[in-house]
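The values are calculated or read from the model by the stated rules, or taken from the named source; none is laboratory data. Computed from a prediction, not measured in an experiment: that's the story for all the values here. Please note: Cβ atoms are built from the backbone with ideal geometry, for glycine as well, and neighbour counts cover all protein chains shown. Remember, those area values only see protein heavy atoms, side chains included, never the ligands or the DNA or RNA. Shrake-Rupley method; radii C 1.70, N 1.55, O 1.52, S 1.80 Å.
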Amino acid sequence: MTAVACPIQENPYERDAARDEQLIRGIHDEYGRMLLAYATRLTGDRAAAEDLVQETLIRAWKHVHIVATATIPLTGWLLTILRNLAFDRARRQATRPLEVPELPEAGSAGGAAAGGDHSDRVVDSIVVVEALKSLPELHSSMLIEVYYRNRSVAEVAKQFQIPQGTVKSRTHYALRALRNALATHGEE
């Protein structure tokens, strides 16, 4: 089936809905797999590709008078619509901020805000500060500079006038000691 034909009436507003539906079903049957494969290549996402194919078929249905009178294969027209929809989708996603997934609330009994209870974060920060105080100065200063002040290893090495490898090893041992301190604090 190279061209899908449907008899057209004089007035396009008086079209037969059953014929239009049959025409779009025929387009889906003939071109659906090809459209889905193309959309999947464009998006890399099967669900998004299915949405694009569905939107392409909706566009074809909205312009059924073009489809019904087509004397040439619809392949190019359908692929162009799908490609334009994919590009529009990509542009919309590029302008939207990244979506951050919701964190599941562990052990909450309802009524808590989506971000969790602020008091939990305060208690956690107090516990971490106390655990940091229990570490040797060499270790705690490395963790503070690297993780809390967000400095690079090179910056910390320059600040303390030590090799970068020393900063990495002190940070490694500091994290291990902090983990142990937090574990013993959790047992108390």
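Miscellaneous remarks
- Probe 1.4 Å, protein heavy atoms only - accessible area per residue of region 116-188 in square angstrom: 70
- Carbon and sulfur %, accessible surface of region 123-188 computed with the full protein complex present, 1.4 Å: 55
- FRET efficiency, 1/(1 + (r/R0)^6) with R0 41 Å, evaluated for ARG92 and TYR148 via beta carbons: 0.65
- Net length gained if the chain between ASP20 and TYR173 were fully extended (0.36 nm per residue, minus Cα distance): 48.0 nm
- The gain in end-to-end length when the GLU102 to ARG46 segment is fully stretched comes to 17.8 nm, 0.36 nm per residue minus the alpha carbon separation.
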